[in-house]
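Below: one structure, written as structure tokens.
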Amino acid sequence: MNPSLISASNLAPVFETPILPPNSHLQDLLLQQQRVLDAFALLLGKHHQAMYLADFPGIHRQGLLQALTAQAALPSHYLHGRVLRSQLFGHSKHDGELSKHQILYICVESLLKRDSLWELLLNCLEQRGFLHQGKWQPLKAKIVLVGSAAYYGELLTTERYFADNVALYGEVAFEVDRQQVLQQDYLKWLLQVATLAELSLTESSLLPLLNYGSKQTEHQQRLTLASNDIYQLLTEAAHFAGSDEIDGDSVHQALQHRKLRHNSQEMVSVQNVDDKFIYLPTDGEMVGQINGLTVIDSGDYCYGEPARITASVHYGDGEVADIERKSELGGNIHAKGMMILSGCLYRVFGRDEPLHLNANIVFEQSYQEIDGDSASLAEYCSLISAIAEQPIAQGLAVTGALDQFGNVQAIGGVNDKIEGFFNLCARRGLTGKQGVIMPRSNLQQLNLPQEIIDAVVAGTFHLYEISHVDEAVTLLMGKVAGNPDKDGDFPFDTLYGMVQQRLDRLAGNTDEQPGIIMRLLGRLAFMRN
């Protein structure tokens with residue numbers, strides 16, 4: 001187990017030089033949508049079953065439905081918004097959409113807002129027709145209900161006849177694996193999204209869009225299929241391009257301005273740190289104090305925010321207290337992480353007897369709820385520092401989740417976390433001793449800005465990948481964690497040996513000679529006797 005410096009070549013996805021495809025077709029929007037296509041083919045072939053199409057908020061629904069309809073020899077219609085009974089079942093002068101030979105897409109969310117309409121549609125599916133103005137009307141339309149996977153799960157459990165009549169299910173893929181899809185096929189998909197927006201792409205726009213598509217998935221080997229997100233980005237880029245042709249510069253400008261519009265909360269946080277209202281050291285050493293990394297998600301914008309974590313220890317009955325939880329500012333997953341941390345500590349140092357210490361761990365200057373287990377590695381390191389009385393390098397920030405065996409597990413938001421700490425260090429001036437310790441299992445999630453990659457190449461900022469907590473404490477405190485002997489004892493000059501010695505002192509299990517004052521008091525007592 002050795003911590004490794006991450007090379008610059010692993011900090012972002014690598015793409016082949018993109019070449020603009022000569023053409024693309026509407027069906028290219030169905031890239032990797034085999035689940036949907038299989039269900040849709042069954043719908044076209046069967047006469048007595050409807051289909052549920054499960055999409056997600058980032059999809060361009062109208063474009064997806066157009067591409068699906070192009071696979072059939074039938075017209076289509078899409079009902080959404082305020083759906084009326086007369087639209088579905090007709091009125092005195094016109095037939096409803098259910099009576100027409102077509103593919104009828106219906107927004108589930110819109111339909112569920114009209115309880116009576118939903119019941120009528122279910123009844124129509126069950127009986128394969130409906131009674132209209134005293135006359136029986138057969139169901140002719142192919143019904144496709146469109147909504148989220150969550151709605152589908154709810155309807156399965158709450159509607160008795162739903163599964164019998166809406167048996168076909170197709171879930172829209174939200175990303176593609178680069179190892180299974182040719183880059184050129186994804187570029188055709190991008191061209192079709194641009195066509196939906198009535199725009200065209202130049203070759204210089206392709207690489208920025210590939211990078212954006214990868215960043216949205218937080219994985220170097222995957223690309224997003226969130227067509228509506230790409231659609232919105234392209235329409236914003238068109239504004240800066242001043243034309244219908246999108247180039248690389250306009251994509252970069254659109255992304256920069258989008259960040260500017262959404263980062264007001266981040267700027268307030270940055271100002272508080274720069275004004276020293278919030279204390280966050282990035283150099284020197286401190287005992288029992290470490291820089292953890294958090295992510296703030298405001299719904300439409302995420303950013304990384306370093307957090308100072310401290311630990312204090314004293315004689316007690318072995319409790320590791322989570323101040324966040326006790327003050328009702330810690331969520332359930334954070335509480336679980338703290339319990340795992342305690343289990344990890346007892347696994348190493350409390351196998352045969354209880355620990356005679358109490359510890360308090362807290363996120364300093366934190367006034368909002370904290371959840372997640374990604375700080376458990378940092379919390380463990382600060383606790384070990386406090387027990388061993390060994391200082392932690394404040395130029396290194398830590399993120400990672402622990403299991404009870406000390407393995408460091410993957411976390412979310414790794415790019416935002418690294419960027420947040422880097423920006424703090426860069427504003428103060430990079431010293432060459434600053435960096436981030438992260439889980440090795442998050443390596444494929446890295447998609448960092450060029451300025452961070454340049455700093456890593458220059459050696460002014462460092463990224464370390466680790467797989468076990470012992471690697472982290474060694475990096476942070478400059479001492480080998482140590483390996484126990486057959487009796488479970490660590491060498492005195494190792495970090496865990498120092499922890500063990502401190503725990504022995506707290507338990508009173510030391511063979512130290514009494515000091516001079518105690519020897520004098522003992523002699524006086526002997527003389528009196």
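The values are calculated or read from the model by the stated rules, or taken from the named source; none is laboratory data. Keep in mind that what you see is a predicted model, and the values were worked out from it rather than measured. Neighbour counts run over all protein chains shown; Cβ positions are idealised from the backbone, glycine included. Surface accessibility is based on the protein's heavy atoms, side chains included, excluding ligands, DNA and RNA. Shrake-Rupley method; radii C 1.70, N 1.55, O 1.52, S 1.80 Å.
Summary of values
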read-out	value
Accessible area of TYR169 in the full protein assembly, 1.4 Å probe (Å², nearest 10)	70
Other-chain or far-sequence residues with amide H under 5 Å of GLY129's (modelled H)	LEU139
The chain: relative contact order in percent, alpha carbon pairs under 8 Å with at least 6 residues between	15
Once the Cα gyration tensor of segment 23-172 is diagonalised, semi-axes √(5λ) in Å	25, 18, 14
Rg(Cα)/(2.2 N^0.38 Å) for segment 403-463, N = residue count	1.19
Longest segment of the chain lacking trypsin sites (Lys or Arg not before Pro) that sit in a DSSP loop with at most 10 other Cβ atoms within 10 Å	352-485
Within the chain, helix-based [θ] at 222 nm, where runs of 4 or more DSSP H residues each add -39,500 (n - 2.57), nearest 500	-12500 deg cm²/dmol
Kirkwood Rh, Cα atoms: Rg over Rh of segment 152-191	1.29
Note, ³J(HN,Hα) from phi for segment 278-292, Karplus 6.51, -1.76, 1.60, rounded to Hz, x at Gly and Pro	10, 8, 9, x, 10, 8, x, 9, 8, 8, x, 9, 8, 8, x
Environment charge at LEU168 (Cβ cut-off 11 Å; Lys +1, Arg +1, Asp -1, Glu -1)	+2
Where only alpha carbons of segment 168-213 are counted, the Rg and the Dmax (Å)	12.3, 42
Solvent-accessible area per residue for the chain (1.4 angstrom probe, square angstrom)	49
Point-charge dipole on Cβ atoms (K/R +1, D/E -1) for segment 188-304, about Cα centre, debye to 20	240
Pairwise centroid distance, computed over Cα atoms, of segment 187-262 with segment 55-89, Å	25
Rounded to 5, the percent of DSSP beta bridges in the chain classed as antiparallel	50
Debye log10 I(q)/I(0) at q = 0.10, 0.18, 0.22 Å⁻¹ for segment 103-204, Cα point scatterers	-0.47, -0.94, -1.19
Convex hull projection area averaged over all views, the chain, Cα basis, nm²	34.7
Whether segment 260-306 is rounded, prolate or oblate, judged on the alpha carbon gyration tensor where a/c under 1.5 counts as rounded	oblate
